[in-house]
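Read the structure below first, then the notes.
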Amino acid sequence: MWGGDPGAGGLLDPDSAHEQVARWRDRVDRMASDTKAMSDRLRQAQVTATDVNGMVEVTVDVSGRLVNLRLNERARRASPEAIAATIMQTIAMAAGQMGERAQQIITETMGEESAAGREMAQRMVQHLRPPDQAAGDERERWR
């Protein structure tokens with residue numbers, strides 16, 4: 001059937017089919033472009049955080065990996081255990097902030113209506129969430 005309703009089992013006429021394929025191709029091209037832009041922005045993203053006492057400053061990348069660490073003069077007066085604990089807490093804080101930043105980048109590039117974008121953002125936030133929050137979420141899930 002030419003010119004029938006494709007949803008009702010009919011076939012599209014050649015011109016309509018060509019237009020539909022062109023619209024589909026435009027959507028795919030736009031999605032590929034948005035995905036590349038998102039990937040580029042995420043690859044460059046970094047977050048820097050400082051502990052409440054200003055002793056430690058850390059910078060993490062989108063995977064939560066430490067890319068820079070600075071210790072203030074206050075670190076000279078602290079015990080090695082206190083410094084280590086502060087570093088770990090500050091990395092966790094920065095990673096949590098990175099999760100929020102990644103979610104923002106994904107939403108800006110993929111759009112709020114994108115199911116794939118929402119799923120990526122959710123996974124990124126879960127991956128970068130500080131351990132104490134992640135443990136709390138896990139406990140909530142099993143109640």
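The values are calculated or read from the model by the stated rules, or taken from the named source; none is laboratory data. Note that the structure is a prediction, hence the values are computed from the model and not measured. Here the Cβ is made from the backbone with ideal geometry for all residues, glycine too, and neighbour counts use every protein chain on show.
Name the residue, out of Asp29, Asp61, Asp34, that is within 23 Å of Glu108 (Cα to Cα) and without any contact (Cβ under 8 Å) to a residue 12 or more places away in the chain.
Asp29
Of the residues Ala115, Ala102, which is within 22 Å of Val47 (Cβ to Cβ) and either out of contact with any strand residue (DSSP E or B) (no Cβ under 7 Å at 6 or more places or on another chain) or charged (D, E, K, R) (or both)?
Ala102
Rundown of residues vs (1) touching a helix residue (DSSP H, G or I) at 6+ places or on another chain (Cβ under 7 Å); (2) over 22 Å from Gln46 (Cβ atoms); (3) crowded, with 16+ Cβ neighbours inside 10 Å, yes/no style:
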{"position": "Asn68", "(1), (2), (3)": "no, no, no"}
{"position": "Asn72", "(1), (2), (3)": "no, no, no"}
{"position": "Ser79", "(1), (2), (3)": "no, yes, no"}
{"position": "Ala85", "(1), (2), (3)": "no, yes, no"}
{"position": "Ala92", "(1), (2), (3)": "yes, no, yes"}
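Only one residue in Val56, Val67 is more than 22 Å from Ala116 (Cβ to Cβ) and either in contact (Cβ under 8 Å) with a residue 24 or more places away in the chain or not assigned by TED's automatic domain parsing to the domain that holds Glu113 (or both), so which one is that?
Val56
Select from region 54-92 the residues that are in contact with an Asp or Glu (Cβ under 9 Å, 6 or more places away or on another chain), of a type in the set (Ser, Thr, Tyr) and farther than 22 Å from Arg123 by Cα and list them in ascending order.
Thr86, the sole residue that qualifies.
Can you name the residue in region 25-49 that is more than 14 Å from the chain's Cα centre (by Cα) and among the aliphatic types (A, V, I, L, M) and is also modelled with the lowest pLDDT among such residues?
Ranking the candidates gives Met31 first.
Taking region 108-142 as the search range and keeping residues that are crowded, with 17+ Cβ neighbours inside 10 Å, over 30 Å from Leu71 (Cβ atoms) and in contact with a helix residue (DSSP H, G or I) (Cβ under 7 Å, 6 or more places away or on another chain), which one is modelled with the highest pLDDT?
Across region 108-142, the extreme among qualifying residues is Thr109.
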